[in-house]
Amino acid sequence: MKIGKPLLAAIAAALAVTLIFTWLPHASWQQGDKRGDVAVFRVSTAVRLTNSNLVDVLVAVKLNERLEKAEWSNGILSLDMRVDPNSGRPSLWFEDVEKLVRVSFMQLENVKRVLIRMVEKQQDDAVLLAAVDVRKTDEWLISEMQQLSSADPVHDELWRKRLRVSFTSAWEKRFGPVALYSAKPSFILQSE
């Protein structure tokens, strides 16, 4: 009987501690009015780009193509977009450009410039096809950003200039001379 009382007391104490720990998460004094998601799982949209949130911001964009390289320095976001050499679809590439420009200048407040290089992987080498250079000071970002989603920078000279698209000789070998691609913007056709 000498062992029975202490053993019974230990079991009762363990049961009491277990019940208290089970009750604590449901205690109203602990949570107050802040019931909801745990902070770790709460979605928060980045407003400022930093080296610590660069990957999170870019993963959230959900691009068609893969990003090979991303650098953030002094307000300049530099990206290398790896394009597939077998299924080249420039319309999808520029759809990704539109998403990146939109996030950079509409969501993030500290991006001054976005540089995007379209790089095609070939065996042991990478070939630059085109480059895009958009700056926060570009006037069209304020008034015509919504039109970017329907723009065709490959065929529309106005959008090539706005995005400062540079095509390389590798692009011209694959898709033909860019100089032949020229279309008047729709607003000019309507006014004639």
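The values are calculated or read from the model by the stated rules, or taken from the named source; none is laboratory data. Predicted model only: the values in this text are computed from it and were never measured. Remember, those area values only see protein heavy atoms, side chains included, never the ligands or the DNA or RNA. Shrake-Rupley method; radii C 1.70, N 1.55, O 1.52, S 1.80 Å.
Ordering Thr18, Thr137 by accessible area with a probe of 1.4 Å, largest first, what comes out?
Solvent-accessible surface, decreasing: Thr137, Thr18.
Calculate, for the range 53-148, the solvent-accessible area per residue in square angstrom, rolling a 1.4 angstrom probe over the heavy atoms of the protein chains.
I get 54 Å² per residue for this part.
Under a 1.4 angstrom probe, counting protein chains only, how are Arg117, Arg162 ranked by accessible area, largest first?
Greatest to least solvent exposure: Arg117, Arg162.
log10 I(q)/I(0), Debye, Cα-only the range 120-181, no solvent, q = 0.18, 0.20 Å⁻¹?
-0.72, -0.83
Round to the nearest 10 and report in Å² the accessible area of Leu141, as given by a 1.4 Å probe over the protein chains' heavy atoms.
Number for this one is 10 Å².
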